[in-house]
Each structure stands twice: as C-alpha cells, then as structure tokens.
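Have a look at the structure below before the remarks.
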Amino acid sequence: MGKVLRPSDRAAVVGVIDPDVLTATTHDSGWVDMSDFERIMAIVMLGTLGESAEFDAKLQQASDSSGTGAKDITGKAITQISEDVSPAPSDKQAIINCRADELDVTNGFTHVRLRITVGAASTDGGAVIVGFDARQQPASDNDLSSVAEIVA
C-alpha cells in the first residue's frame with residue numbers, strides 16, 4: 001500500500017490575522033503566492049462585536065508579494081456583519097473560497113491577501129487562510145513560519 005497523505009500534506013496554513021481584539025481599522029494577512037496553490041480558503045472568525053461595530057472581510061489581489069496594484073477580487077467579500085441587529089451576531093465564522101484562475105491573471109495578478117475591516121468599535125476576531133492543491137507536495141512545506149507543530 002502506498003503512502004497515505006495526511007491532511008497537512010494536502011493543505012497548508014498560508015496566511016493569518018492573529019486572533020485578538022481587532023481595533024476599528026483594517027487588518028491584513030500577508031500576501032499568498034497563488035502560483036503555489038490551485039485554491040485557498042479564508043476562514044474568518046468573529047468573537048464578541050463591540051458596541052455598534054461593523055465587520056467586513058474580503059480578498060484582494062496584487063501582482064507581487066509587496067502588494068503592487070492591490071485591488072479587490074470581484075465576488076470575494078462577506079456580507080457585512082453588524083452589531084446593530086438582534087440578536088447580536090457574535091461568535092460566528094465566514095468562509096471565502098478562491099481559485100487561482102479567479103485572479104486577474106491577464107494583467108499579472110498572482111498574489112492574494114485577506115483584509116478585515118472593523119468599523120466603529122473594537123471587535124474580537126481573527127482569520128486563517130488555508131492553501132489547497134499545492135503544486136509541490138507536501139503542501140505543509142508552504143506553511144507559515146508561525147506554524148509551531150504538525151502532529152501526525
């Protein structure tokens with residue numbers, strides 16, 4: 001029987017917005033090079049919303065790892081989550097999927113990042129971006145340096 005691939009051989013942690021109290025401003029992950037992956041999945045985690053807080057998340061694209069020409073990727077944003085609804089939508093998650101071919105590849109866009117925007121009041125939150133279908137296996141070779149351990 002051949003080698004059985006672990007999930008960490010097939011997927012990598014390629015971006016994060018560390019879980020914390022997110023102040024009322026923008027919070028960005030690092031840029032992910034989509035030439036390493038066919039797909040990514042951004043998992044946004046929302047804790048307790050501040051008074052009158054608004055929470056947005058979207059994917060942006062750029063032509064390099066320094067963010068040259070950064071612009072939004074059409075259709076890759078969550079519906080705004082707001083504290084002004086009842087019951088308050090605390091402790092929720094949202095997922096944004098993206099394929100490499102959904103970038104503006106014609107104009108040389110190759111990198112993706114997640115941007116969370118918090119409006120009005122600080123909010124607990126964070127996010128992780130997982131890369132799938134790595135072009136070179138194991139995918140975990142592309143994990144962020146902050147990944148402390150992989151347990152088999």
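The values are calculated or read from the model by the stated rules, or taken from the named source; none is laboratory data. Computed from a predicted model, the values in this text were never measured in an experiment. So basically every Cβ, Gly included, is an ideal-geometry build from the backbone, and we count neighbours across all protein chains shown.
Count of the range 122-150 residues, restricted to those that are without any contact (Cβ under 8 Å) to a residue 12 or more places away in the chain and among the hydrophobic types (A, V, I, L, M, F, W, C), is 1. Taking every residue in the range 98-121 that is over 15 Å from Arg39 (Cα atoms) and pairing it with any residue that is assigned to a loop (DSSP other than H, G, I, E, B) and modelled with pLDDT of 95 or more, at least 6 positions away or on another chain, the pairs with Cβ-Cβ distances below 7 Å are Gly108/Ser63; Val118/Thr23; Val118/Ala24; Val118/Thr25; Gly119/Ala24; Ala120/Ala24; Ala121/Ala24.
In the range 119-152, what count of residues is obtained for those that are over 25 Å from Arg6 (Cα atoms) and more than 15 Å from the chain's Cα centre (by Cα)? So that I can check it myself, show each step before the final result.
If we filter the range 119-152 for residues that are over 25 Å from Arg6 (Cα atoms), which is where we start, we get 119-126.
Then keep just the ones that are more than 15 Å from the chain's Cα centre (by Cα); that gives 119-124.
The qualifying residues number 6.
Are any of the residues in the range 28-46 among the hydroxyl-bearing types (Ser, Thr, Tyr) and out of contact with any Pro (no Cβ under 8 Å at 6 or more places or on another chain)? The answer is yes; a qualifying residue exists. Is it the case that Val130 is of a type outside the set (D, E, K, R), out of contact with any helix residue (DSSP H, G or I) (no Cβ under 8 Å at 6 or more places or on another chain) and modelled with pLDDT of 95 or more? For Val130, the condition - of a type outside the set (D, E, K, R), out of contact with any helix residue (DSSP H, G or I) (no Cβ under 8 Å at 6 or more places or on another chain) and modelled with pLDDT of 95 or more - is met.
Among the residues of the range 10-33, is any farther than 13 Å from Ala127 by Cα, aliphatic (A, V, I, L, M) and loosely packed, with under 14 Cβ neighbours inside 10 Å? Taking every residue of the range 10-33 in turn, none turns out to be farther than 13 Å from Ala127 by Cα, aliphatic (A, V, I, L, M) and loosely packed, with under 14 Cβ neighbours inside 10 Å. Residues in the range 101-152 that are among the hydrophobic types (A, V, I, L, M, F, W, C), in a helix (DSSP H, G or I) and surrounded by fewer than 17 Cβ atoms within 10 Å (Cβ to Cβ): Val105 alone.
Output the residues belonging to the range 56-83 that are touching a Leu at 6+ places or on another chain (Cβ under 9 Å) and either surrounded by fewer than 18 Cβ atoms within 10 Å (Cβ to Cβ) or modelled with pLDDT of 95 or more (or both).
From the range 56-83, those touching a Leu at 6+ places or on another chain (Cβ under 9 Å) are 57-61, 72-73, 76-77, 81-83; that's our starting set.
Selection gives Ala57, Lys58, Leu59, Gln60, Gln61, Asp72, Ile73, Lys76, Ala77, Ser82.
Within the span defined as the range 90-98, every residue fails to be among the β-branched types (Val, Ile, Thr) and either more than 17 Å from the chain's Cα centre (by Cα) or part of a loop (DSSP other than H, G, I, E, B) (or both). Taking the condition farther than 14 Å from Val112 by Cα, aliphatic (A, V, I, L, M) and surrounded by fewer than 13 Cβ atoms within 10 Å (Cβ to Cβ), does Val4 pass? So Val4 fits the description; yes.
Would you be able to say whether some residue in the range 88-100 is charged (D, E, K, R), under 24 Å from Arg10 (Cα atoms) and either surrounded by fewer than 18 Cβ atoms within 10 Å (Cβ to Cβ) or modelled with pLDDT of 95 or more (or both)? Steps first, answer last, please.
Applying the first criterion (charged (D, E, K, R)) to the range 88-100 yields 91-92, 99.
So of that shortlist, the ones also under 24 Å from Arg10 (Cα atoms) come out as 99.
From what is left, the residues that are either surrounded by fewer than 18 Cβ atoms within 10 Å (Cβ to Cβ) or modelled with pLDDT of 95 or more (or both) are 99.
For the range 88-100, residues charged (D, E, K, R), under 24 Å from Arg10 (Cα atoms) and either surrounded by fewer than 18 Cβ atoms within 10 Å (Cβ to Cβ) or modelled with pLDDT of 95 or more (or both): present.
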